[in-house]
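Computed from the coordinates by the stated procedures, all read-outs in this text should not be read as laboratory data. As the structure is a prediction and not an experimental result, all values here were calculated from the model. Neighbour counts run over all protein chains shown; Cβ positions are idealised from the backbone, glycine included.
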Amino acid sequence: MILEHALLPVLPGREEEFEDVFAEAKEIIASAEGFRSLRLSRCFEREHTYLLLVEWETLEDHTEGFRGSAAFQQWRELLHGFYEPAPVVEHFAEVHRA
């Protein structure tokens, strides 16, 4: 399992709209091959920042499968106008769990 970690810096004043649009966008990513789950959380200290955690079966399911798909283009069209600057996206493999 791969964990995608994305910090989403949403433009101030557009948080509510972003959350509404994300409700639609999550259905797009949820239908992707290798998708396992996602969680979107809002930061207390930086109220315009969100943390997106997505679990994928493999790294390639995200980097090649989803990002190379028409569905990703829909995802981008819905969400990428909300960010400034562009999100930081990284991938992690679990080492320990308690």
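Values for this structure:
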{"item": "Any hit, segment 61-75, residues being of a type in the set (A, V, I, L, M, F, W, C), over 15 Å from E90 (Cα atoms), loosely packed, with under 14 Cβ neighbours inside 10 Å and more than 13 Å from the chain's Cα centre (by Cα)", "result": "yes"}
{"item": "Counted residues, segment 73-85 - those being touching a residue at least 12 places away in the same chain (Cβ under 8 Å), part of a helix (DSSP H, G or I) and out of contact with any Asp or Glu (no Cβ under 9 Å at 6 or more places or on another chain)", "result": "3"}
{"item": "Failed item, numbered, when A98 is tested on (1) farther than 15 Å from H5 by Cβ; (2) surrounded by 14 or more Cβ atoms within 10 Å (Cβ to Cβ)", "result": "(2)"}
{"item": "Looking only at segment 1-39, and only at residues there that are without any contact (Cβ under 8 Å) to a residue 24 or more places away in the chain and not acidic (D, E), the one that is farthest from E94 (Cα to Cα)", "result": "G13"}
{"item": "Search result, residues across segment 13-54 that are among the charged types (D, E, K, R) and outside any loop (DSSP other than H, G, I, E, B)", "result": "E15, E16, E17, E19, D20, E24, K26, E27, R36, R39, R42"}
{"item": "Among (1) closer than 15 Å to I2 by Cβ; (2) touching a helix residue (DSSP H, G or I) at 6+ places or on another chain (Cβ under 9 Å); (3) not aliphatic (A, V, I, L, M) - the single one Y50 does not satisfy", "result": "(1)"}
